[in-house]
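Peer 1: Before I ask anything, here is the structure I am working with.
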Amino acid sequence: MVSRWPALLPELLLALALLVAYGVLVFAGERRGRTARRAVVAGAVLALAACGATLGQAEDFLFASYHVDAFTQLAKGVVLLGLLAAALLEWHDEGRWADQRGVAPFFLAAGALALLVAVSAGDLVLLLLALEAAAGAFVLLVALGGRWATHERAVRRLVAHGAAATGLGALGVALLAAFAGTTKLAELGTELAGAAGEPAALAGAAALLLAVVFRLGVVPFHAWAPSVNRSVESGVAAFAATGVWAGAAAVVLRIAAATDGQLAGVPPLLMVLGVAAMAVGVWTAFPLRDLRRALAGAAALQAGFVLAGAALRTQAGSGAALAGAAVTVLAQAVGFVAVAHLGTPGDERAAFHLFGLARRAPLLAVAFAVALLALAGAPPTAGFTWRWRILAGMWGEGYRVLAFLAAAASLAAVAGAVHAAARMLAPATVTEPPVALGRLERVGLAVLALLLVVLAWEGAPLYRWAALGAAQLP
Amino acid sequence: MTLTLVVAVAAALFGFGFGALLYRRSLVGILIALELMVGGAALLASGVMSLAGAASAIGQVIALALVAVGAAAAVLLLALHVAAARAARAAKGLEPW
């Protein structure tokens, strides 16, 4: 009986770190911000290790309201990687951020903990509450992560989109529960059998999915991501593009797997949303004037492929999407390290600082170029491997026109990434300030860039773990 | 008849809320729109599940959870509204509503 509980170690360790961070904020003196950050980083590292140690466990808690299996543990690991990247980047922002008291690490950890619960939620009510808790922490982070006068518009936009997503999520849960007579995710597949032809049941699933894809910055809730990326500090923006993004991607995969068996309209809806997200992502990223905006576009592009993977209704599709979420988090982490060094939020000239980067900071330039190519899906990077599997699945399942559009979006993104890399190689037009990388940043960038190349190999353990996780989906 | 009425009222509440969200841009306007939407969803869950005779307790649990979501959203948005009002006053601009 006792052996079940280690499955909850990632959540418990992060919750402990959260408590320590809170205690530090309340009781510690001037160095409380730095101490809270250390507590959160330590908690994230330990929780990440716990995810790896409990990857093989499959347990239900609280009458199947909370479920742990290989899929949830892998997804939690990806969310924690995002938290780690955001917390370390937030460290980099120290001194520039208006919030000097260090409440940011606390809300970063709180948002990540809520996302861990959402990923494992086996009940729609718990899922909705966890998603709202994560959204609340994120809205506060964004509101705190810049000067109100300059990023008020981004906050308002995020709040308006978030409110629409909350309303749709509530409607979705109400409709699905009304038709299925249950709120358990594992039972939805069978209980919705009697409502297979009901448009309102499909509307419920669609509303719930739309509420979740808001966190992915996907159509119709795509407008907040570029605004937020442009106006808040790198740590918070990185959390949106990594931790929040990965958690939402995992939740979409779970909801899609639970509902698409009976509701035939769910896969086409996801596929259309996915291709629309790809188009909007490429549109947002180009022209390459603003790097932060480009990274928001890249996140939408990846989200489009994840939605397409979820729509395939195959283990290969879901596995590729889960592996893609991990690759995306690694690439976005590198992207935000580069962006943090190439300009402050709102710097309209940040993209022009790319010129001559290969001479000023070769390691940063190489890592950023690899990350951009991975986000675009260019071979031989990890971004190509998972995307190719999804494209092949789309073609095989008969979504040939959409597969063609997805490939075209990827090609356009590759052209943009190559263009950015060419800028790094070109000489600077004006004298640019030197880029000073810390030791941790140098090691981190080298490891992440190497991973983004090595993970292109199809035999990498990540794909085995993702396949194992996808096999656990309903 | 009663079930139809409940669904119609819930749909109207949600529709008005969604419409208000599209129309209003102030934080208080967004908050009112959100409360209308969440209220409509809560009415739908509790009303339909009670009147249809299937697992009425689940409907009530969903409604309670939605009340909690609405309350949390109200706290968050009002805090942001106060921050916006302070910032606007400091900049000698108009109040944000």
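Peer 1: Once you average over the residues of B:2-15, how many Cβ atoms of partner chains fall within 10 Å of each Cβ?
Peer 2: Working: counts 0, 0, 0, 0, 0, 2, 0, 0, 2, 1, 0, 0, 6, 0.
For this peptide, the per-residue mean of nearby foreign Cβ atoms is 1.
Peer 1: Please give the helix B:2-23 orientation as an angle from the longest Cα principal axis of chain B, in degrees from 0 to 90, rounded to the nearest 10.
Peer 2: Roughly 20 degrees between the two axes.
Peer 1: So what is the relative contact order of chain A, in percent, for Cα pairs below 8 Å that sit 6 or more residues apart?
Peer 2: 15
Peer 1: So, one more: Across the residues of B:69-76, average count of Cβ atoms on other protein chains within 10 Å? Let's see the in-between values first.
Peer 2: On the way: counts 12, 4, 0, 6, 9, 0, 1, 9.
Going residue by residue through B:69-76 and averaging, the value is 5.
Peer 1: State, to one decimal in nm, how far the label point of A:Thr314 lies from the label point of A:Leu450, with both points 7 Å from Cα in the Cβ direction.
Peer 2: 3.4
Peer 1: Go through the range B:60-67 residue by residue and turn each phi into a ³J(HN,Hα) via Karplus (6.51, -1.76, 1.60, θ = phi - 60°); whole Hz please, and just put x for glycine and proline.
Peer 2: Those phi angles translate into 5, 5, 4, 4, 4, 4, 5, 4 Hz.
Peer 1: Between A:Asp123 and residues 5 or more places away or on another chain, which pairs have amide H atoms under 5 Å apart, with H built 1.01 Å from N, and which residues are they?
Peer 2: A:Leu185
Peer 1: With the Cα gyration tensor of the range A:138-261 in hand, give its eigenvalues times 5 under a square root as the equivalent ellipsoid semi-axes, listed largest first in whole angstrom.
Peer 2: Values: eigenvalues 215, 36, 20 Å².
That gives 33, 13, 10 Å for the three semi-axes.
Peer 1: Return the long-range amide H neighbours of A:Ala428 (sequence gap of 5 or more, or a different chain), with a cut-off of under 5 Å between placed amide H atoms.
Peer 2: Sorted by chain and number, the residues that satisfy this are A:Gly356.
Peer 1: What residues from the range A:259-285 fall in the zone where the backbone N is under 18 Å from a label point 7 Å along the Cα-to-C-beta line of B:Leu22?
Peer 2: No residue qualifies, since no backbone N sits under 18 Å from the label point.
Peer 1: On to the next question. I'd like the mean, over residues of B:31-38, of how many other protein chain beta carbons sit within 10 Å of each residue's own Cβ. Intermediate results must be reported in sequence, preceding the final value.
Peer 2: Values: counts 2, 0, 4, 8, 2, 1, 8, 7.
Average per residue, whole number: 4.
Peer 1: Using only the Cα atoms of chain B, build the gyration tensor, take square roots of its eigenvalues as a ≥ b ≥ c, and label the shape rounded, prolate or oblate: rounded if a/c is under 1.5, else prolate if a/b is larger than b/c, else oblate.
Peer 2: On the way: a/c = 6.70, a/b = 2.35, b/c = 2.85.
Oblate.
Peer 1: Regarding the range A:368-474, what are the three Cα extents along the principal axes, ordered largest first, in Å?
Peer 2: The Cα atoms of the range A:368-474 stretch 54, 32, 21 Å along their principal axes.
Peer 1: Okay, next question. Quick one: divide the alpha-carbon radius of gyration of the protein assembly as shown by 2.2 N^0.38 Å and tell me what you get. Walk me through the intermediate numbers first.
Peer 2: Numbers: Rg = 22.6 Å, N = 571, 2.2 N^0.38 = 24.5 Å.
Cα Rg divided by the expected 2.2 N^0.38 Å: 0.92.
Peer 1: Can you sort B:His81, A:His222 by how many other beta carbons sit within 10 Å, fewest first?
Peer 2: Starting with the residue having the fewest Cβ neighbours, the order is B:His81, A:His222.
Peer 1: Then there's this: Could you tell me which helices of chain A pass both thresholds, a Cα extent of 20 Å or more along their own axis and a mean Kyte-Doolittle hydropathy of at least 1.0, with helices taken as whole DSSP H runs?
Peer 2: Helix filter hits for chain A: A:9-27, A:70-92, A:103-120, A:124-144, A:199-213, A:245-259, A:266-285, A:291-311, A:315-341, A:362-376, A:400-425, A:439-454.
Bear in mind that the values in this text are calculations on the coordinates, not laboratory data. Being a predicted model, the structure only gives us computed values, none of them experimental. Glycine also receives a Cβ, built like all others from the backbone with ideal geometry; neighbour counts cover every protein chain displayed.
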